[in-house]
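The values are calculated or read from the model by the stated rules, or taken from the named source; none is laboratory data. These numbers come from a predicted model, not from an experiment. Cβ placement follows ideal geometry from the backbone for every residue including glycine, while neighbour counts extend to all protein chains displayed. Side chains are part of the model used for accessible areas, which takes the heavy atoms of the whole protein and leaves out ligands, DNA and RNA. Shrake-Rupley method; radii C 1.70, N 1.55, O 1.52, S 1.80 Å.
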Amino acid sequence: MVDSISGSGVMAQESLPMWRAFYASNNSKNVKITFPESGSTVTVTQRYHLSSFEVTSEKGSRVAVYVQLDSDGAYTEAVT
């Protein structure tokens, strides 16, 4: 189980309304996390709350953001 995820990245400007609505709603959503491990791919699906959402800069049609997601319960894991 992953208790929280945080990080920064770049997204399209048109994605902002959806992310702002997620942050304002206080609802959790299913999030899929995929990572390599010992020659396999592990996929974890778990519900998360968006606990922090900050736009750190804007440039044209792109925005840089920082997000933090906090877990909200059980998860499933698949290894392929």
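Being surrounded by fewer than 17 Cβ atoms within 10 Å (Cβ to Cβ) and either free of Cβ contacts under 8 Å to residues at least 12 places away in the same chain or under 19 Å from S51 (Cβ atoms) (or both) is the filter here, so list the residues in segment 61-75 that pass it. Walk me through how you get there before you give the answer.
To start, the set of residues in segment 61-75 that are surrounded by fewer than 17 Cβ atoms within 10 Å (Cβ to Cβ) comprises 61-62, 64, 66, 68, 70, 72-75.
Listed by number, the residues that qualify are A64, Y66, Q68, D70, D72, G73, A74, Y75.
Within segment 1-58, track down each residue that is among the hydroxyl-bearing types (S, T, Y) and assigned to a loop (DSSP other than H, G, I, E, B). Reasoning before the result, please.
Within segment 1-58, the subset among the hydroxyl-bearing types (S, T, Y) is 4, 6, 8, 15, 23, 25, 28, 34, 38, 40-41, 43, 45, 48, 51-52, 56-57.
Once the filter is applied, which keeps residues that are among the hydroxyl-bearing types (S, T, Y) and assigned to a loop (DSSP other than H, G, I, E, B), segment 1-58 yields only S38.
Out of segment 4-36, which residues are of a type in the set (D, E, K, R) and open to solvent by less than 100 Å² (accessible area, probe 1.4 Å)?
Within segment 4-36, the first condition is being of a type in the set (D, E, K, R), and the residues that meet it are 14, 20, 29, 32.
Answer for segment 4-36, where residues must be of a type in the set (D, E, K, R) and open to solvent by less than 100 Å² (accessible area, probe 1.4 Å): just K29.
Scan segment 59-80 for residues that are under 12 Å from M11 (Cα atoms), assigned to a strand (DSSP E or B) and out of contact with any Ser or Thr (no Cβ under 9 Å at 6 or more places or on another chain) and jot them down. Break it down into steps so the answer makes sense when it comes.
Taking segment 59-80 first, the residues under 12 Å from M11 (Cα atoms) are 59-67.
With assigned to a strand (DSSP E or B) added as a condition, the list becomes 59, 62-67.
Those that are under 12 Å from M11 (Cα atoms), assigned to a strand (DSSP E or B) and out of contact with any Ser or Thr (no Cβ under 9 Å at 6 or more places or on another chain): K59, R62.
Is it the case, given these coordinates, that T34 is under 17 Å from the mean Cα position of the chain (by Cα) and among the β-branched types (V, I, T)? Talk me through it step by step, then tell me what you get.
Details: under 17 Å from the mean Cα position of the chain (by Cα): yes; among the β-branched types (V, I, T): yes.
Against the criterion (under 17 Å from the mean Cα position of the chain (by Cα) and among the β-branched types (V, I, T)), T34 qualifies.
So which residues in segment 8-50 are free of Cβ contacts under 8 Å to residues at least 12 places away in the same chain and of a type in the set (V, I, T), if there are any at all?
T34
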